[in-house]
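The values are calculated or read from the model by the stated rules, or taken from the named source; none is laboratory data. The structure presented is a predicted model; accordingly, all values stated were derived computationally and were not measured. A quick note on method: Cβ atoms are made from the backbone with ideal geometry, for glycine too, and the neighbour counts reach across all protein chains shown. Just so you know, the surface numbers come from the protein's heavy atoms only, side chains and all, with ligands and any DNA or RNA stripped out. Shrake-Rupley method; radii C 1.70, N 1.55, O 1.52, S 1.80 Å.
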Amino acid sequence: MLLSIGYWLPSTTSSAPDMNPTILIVAAGLWGLALLATFLWSRRHPAASPYWRDLLSGGVLFLLMLGFFWRTLSGDVFQPADGGDLVSFLFPTYRFAAAQLAQGQLPLWNPTLYGGAPFIGDIQAGFLYLPNLLLFLTNPAFAYPTLQWLSALHLFWAGLGMYALLRTLRWENVPVARLAALFGAVAFMFSDPLLLHFGNYNLIAVLSWLPWVMAAYVWALESGDLRLAALAGLLFAVSVYAGHAQSTIYIGLALVVYTAGWWASIVALRRRTPDAPKGGGVQWAYTGRPVLVFSVTVALAVLLAAPVLLPALELAQHSVRSEFTYQDATAYSLDPAQALVGLLTPGFFGRGPALHWSLWQRVELPYLGIAALIMALAAPFLAPVAVRRRLWPWLGMAVFGLVVALGVYGIVHGWLTMLLPIFDQLRAPARALILWALGAGVLAALGADQLVRSVAKHATGKRAWPYAFLRSPVALALVVGAFILFGVVLPLAYYSLLVTQADPTAFLRASVATLALVFAAVFWAITLAVAGAYRARWFGGVACLVLLTGLLYFDLSANGAYTDISPTDPAATFAHPEIIDFLRSDPDLFRIDTRTEIADLWQPDTAALIGLQDIGGVANPLALRSFEEYWQTLGGRDTPGYDLLNVKYVLVREGTPLPGSKFERVLGPVDGLEVYRNNEFVPRAWFASESADLANVAPAAEATAAPVTASGPNAFSVQLTAPADGLLVLSEIWYPGWQAHVNGLPATIEQVDGLFRAVRVPAGDVDVEFRYAPATFQWGLWAAGAGGVFLVIIFLLARRRKRVDGYHAAADFSAA
């Protein structure tokens, strides 16, 4: 018996790009019309800012994204090569949600995997995230390549947000040049902390909102306008719905670090300016304002995102992740050796999983591109003295992200596991590098901008030879770095190729490292040459920024565009039509068992895609702890406890024997798999004696089956004629939020065998209805409603205050 939830089997896999060209054409047309309209408007209002140039920059970023992923988006290859979480987890999860929503049902519970689990509690489900929701409702049978498009589009959204942030910031009362902002946007959107997670679409989706949140938040701190703080909170809440808890925490940490740096820079400036105004307004500006802005932003984000946050917090207490140790939390830490070389090249230890060769786990690296690194390092030296203190928040964010990413190699991450809720349940500290990418990206844009402005400010109108560039201490340091790379590092690298030829493995590793270092040295030298030639006035500032941006894009694409790709469709392992048709033809309500080490032949989450129910699923730390404990203590598939799981069919690799005589092969071998039927499986619902021990309930030799009359994701109905007062036991996992009614009256759901649900029923004809309606979700809806009211009140009552110059709050204090 299939779930009555309307699954779509067509378009399970596809080798063609699943993006309607009409959408791109319409989007391009709308963008062109907006560009033309803003251009004409700026011609009529010469004093106004030429916003058409910002629209043009956005279009350039989109074209750069298309150029970067042209092979993936055209359907020529798939990325990542093995699909990663994109194919093994997100694709079947999203298709399950899409099927539910298309039937007019809100999927709060997922009965298809792990024996059943709370879907609304798994924040990774992301079915309430607006872009996902629109996709699910308009194209519920979307193919796998659609998710590749979503990942790429969110990288573009991250770059566009970075551009907006950089244009929002004010240095000496002016923003960075548009081309410099474009430079910083390219560095951020293709940075390693984002690019490496192309297969983690939900992670990218959350982090793509980070620069947008920061743009609104920074503006709110500058102006004191609570409407901007509310906007930051709204954007933050939208990001939460995309579904990656760790990334959400990093956005919160970005707000904390920036606020601390902003406040520290003001305090330091006040101490250096003893005659500065000390009125109450000034005092409020640098103490009360940041506290209020931060509080409004975070409170509004929490309220608006409560419908997913509260169920997620509840699940965190019942999941496998709740038993994580500190050693578990520090898995995938950034080793200092990786961090140091990763600043210069992402490929020293192998760029993709196929060539990775270090002793440490493959993680994201702090790579932004050589040109971006140089400009970021130069920014504090090129910036005017009045601006340098305003760099503190971004310097602090970059350093903080780098230090936290060290994980077990640095103590700061350990402190955070003690101070922040659920932070000790999150692995991969290296993901904190997103804060490094944001802070260093801002510094890189400012460095490029100040390079152009400083030369223009001291221009003599005469050309000079590039060696004049050496007069700058920053330039001298860069030249020394080039000499080290070309005079020391590369010769040693080529020498390693000579001495390792006898050992194929060592030679391969030396070759990979040498190629990476050659790339780093070449891009270092070209960046130095471009900056030196511009300082020598060989070309203008616009040409300099265009060259630097083009060089950076070529660097990042050369190191990442073709990494971890394959012409083989990773979603092809979902396609087992003969096996699927056989299982779907069985009219019973049953589960299958794919926890048999067949992930290379059968995608673990296939059941969610095709409408079956499995006791397995892809490795997920959010799986329920009670089920995993039951499975670990089961004692094997030949035990009665295994039969209670309602497993009727077991899928195994061809030639794999099963214990006992109760298993009968009924299909195969097909596609390297065989299907066995469990002839002793227990029905989904059955009657037990009233005196049964709840800790050890088992059916009689001939179980009294209770017919299931309706089965859906959030509801379950059973009718039976009970021979006496007793228990109706369901092979369904007990979890808070399930409600039961026996003959229309509320009943208490009891937990039996530490895993299953049961209710007490009277003798005679009985109708039992189960419904999943978690209180946490209902409370979350009320909280979101309150957040919406709060948002409206702020926009109606808050008065826009005069924007001040820079970050330093009160206008009179800034002037001083």
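Computed quantities for the displayed model
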| item | result |
| --- | --- |
| Search result, residues across region 566-583 that are open to solvent by 40 Å² or more (accessible area, probe 1.4 Å) and in contact with a strand residue (DSSP E or B) (Cβ under 9 Å, 6 or more places away or on another chain) | 567, 568, 578, 582 |
| Top-ranked residue of region 297-315 - restricted to ones that are open to solvent by less than 10 Å² (accessible area, probe 1.4 Å) and part of a helix (DSSP H, G or I), ranked as nearest to residue 735 (Cα to Cα) | 315 |
| Single residue of region 225-250 satisfying the filter (assigned to a helix (DSSP H, G or I) and among the small types (Gly, Ala, Ser)) that is nearest to the chain's Cα centre (by Cα) | 247 |
| Looking only at region 733-751, and only at residues there that are touching a residue at least 60 places away in the same chain (Cβ under 8 Å) and not hydroxyl-bearing (Ser, Thr, Tyr), the one that is least open to solvent (accessible area, probe 1.4 Å) | 733 |
| So residue 641, is it of a type outside the set (D, E, K, R), open to solvent by 40 Å² or more (accessible area, probe 1.4 Å) and more than 33 Å from the chain's Cα centre (by Cα) | no |
| Any hit, region 151-169, residues being closer than 28 Å to residue 316 by Cα, hydrophobic (A, V, I, L, M, F, W, C) and in contact (Cβ under 8 Å) with a residue 60 or more places away in the chain | no |
| Residue in region 359-382 that is farther than 17 Å from residue 187 by Cα, aromatic (Phe, Trp, Tyr), open to solvent by 30 Å² or more (accessible area, probe 1.4 Å) and modelled with pLDDT of 90 or more present | no |
| Boolean, residue 739 is under 44 Å from the mean Cα position of the chain (by Cα), part of a strand (DSSP E or B) and either hydrophobic (A, V, I, L, M, F, W, C) or closer than 22 Å to residue 624 by Cβ (or both) | yes |
| Residue 725 vs. criteria exposed (fewer than 13 other Cβ atoms within 10 Å of the Cβ), on the phi < 0 side of the Ramachandran plot and of a type outside the set (Ser, Thr, Tyr) | no |
| Any helices (runs of 4 or more DSSP H) falling wholly within region 112-219 and containing at least 2 residues that are farther than 21 Å from residue 363 by Cα | 130-138, 145-168, 178-189 |
| Pairs with Cβ under 9 Å, 6+ apart, first in region 531-551 and under 26 Å from residue 61 (Cβ atoms), second among the aliphatic types (A, V, I, L, M) and outside any helix (DSSP H, G or I) | 541/177; 542/177; 545/177 |
| Matching residues, region 331-347, being out of contact with any Asp or Glu (no Cβ under 6 Å at 6 or more places or on another chain), assigned to a loop (DSSP other than H, G, I, E, B) and either surrounded by fewer than 22 Cβ atoms within 10 Å (Cβ to Cβ) or not polar (S, T, N, Q) (or both) | 331, 332, 334, 335, 343, 344, 347 |
| Qualifying residues in region 492-505 (those that are in a helix (DSSP H, G or I) and not hydrophobic (A, V, I, L, M, F, W, C)) - the one most open to solvent (accessible area, probe 1.4 Å) | 495 |
| Residue that is part of a helix (DSSP H, G or I) and over 25 Å from residue 674 (Cβ atoms), where the choices are 556, 583, 609 | 556 |
| Selected residue (only one of 144, 163 is crowded, with 24+ Cβ neighbours inside 10 Å, touching a Gly at 6+ places or on another chain (Cβ under 9 Å) and over 21 Å from residue 243 (Cα atoms)) | 163 |
| Residues satisfying the stated conditions in region 702-723, i.e. in a strand (DSSP E or B) and under 43 Å from the mean Cα position of the chain (by Cα) | 708, 709, 710, 711, 715, 716, 717, 718 |
| Any hit, region 196-214, residues being modelled with pLDDT under 95 and of a type in the set (A, V, I, L, M) | yes |
| Any hit, region 348-355, residues being among the charged types (D, E, K, R) and assigned to a loop (DSSP other than H, G, I, E, B) | yes |
| Per-region count, region 89-111, residues in a helix (DSSP H, G or I), more than 12 Å from residue 126 (Cα to Cα) and without any contact (Cβ under 8 Å) to a residue 60 or more places away in the chain | 1 |
| Residue 582 being in contact with an Asp or Glu (Cβ under 9 Å, 6 or more places away or on another chain) and either of a type outside the set (Lys, Arg) or at pLDDT below 95 (or both) | no |
| Count of region 621-648 residues which are touching an Asp or Glu at 6+ places or on another chain (Cβ under 7 Å) and more than 30 Å from residue 314 (Cβ to Cβ) | 2 |
| Yes/no for residue 783 being small (Gly, Ala, Ser), within 22 Å of residue 107 (Cα to Cα), open to solvent by less than 70 Å² (accessible area, probe 1.4 Å) and outside any strand (DSSP E or B) | yes |
| Region 206-249: number of residues that are at positive phi and surrounded by fewer than 23 Cβ atoms within 10 Å (Cβ to Cβ) | 0 |
| Exclusive hit being modelled with pLDDT of 95 or more, small (Gly, Ala, Ser), crowded, with 17+ Cβ neighbours inside 10 Å and touching a helix residue (DSSP H, G or I) at 6+ places or on another chain (Cβ under 8 Å), set 407, 401 | 401 |
| Any pair with Cβ under 9 angstrom, 6 or more apart, that starts in region 688-701 at a residue that is in a loop (DSSP other than H, G, I, E, B) and charged (D, E, K, R) and ends at one that is open to solvent by 90 Å² or more (accessible area, probe 1.4 Å) and modelled with pLDDT of 75 or more | 690/760 |
| Residue 696 in contact with an Asp or Glu (Cβ under 9 Å, 6 or more places away or on another chain) and surrounded by fewer than 21 Cβ atoms within 10 Å (Cβ to Cβ) | yes |
| Of residues in region 446-501 being out of contact with any helix residue (DSSP H, G or I) (no Cβ under 7 Å at 6 or more places or on another chain), at pLDDT 85 or above and not β-branched (Val, Ile, Thr), the one nearest to residue 163 (Cα to Cα) | 483 |
| Scan of region 39-56 for residues that are open to solvent by 40 Å² or more (accessible area, probe 1.4 Å), within 17 Å of residue 167 (Cβ to Cβ) and not basic (Lys, Arg), ordered by number | 49, 51, 52, 55, 56 |
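Rundown of residues vs (1) farther than 16 Å from residue 368 by Cβ; (2) open to solvent by less than 60 Å² (accessible area, probe 1.4 Å), yes/no style:
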site	(1), (2)
507	yes, no
510	yes, yes
513	yes, yes
521	yes, yes
545	yes, yes
552	no, yes
560	no, yes
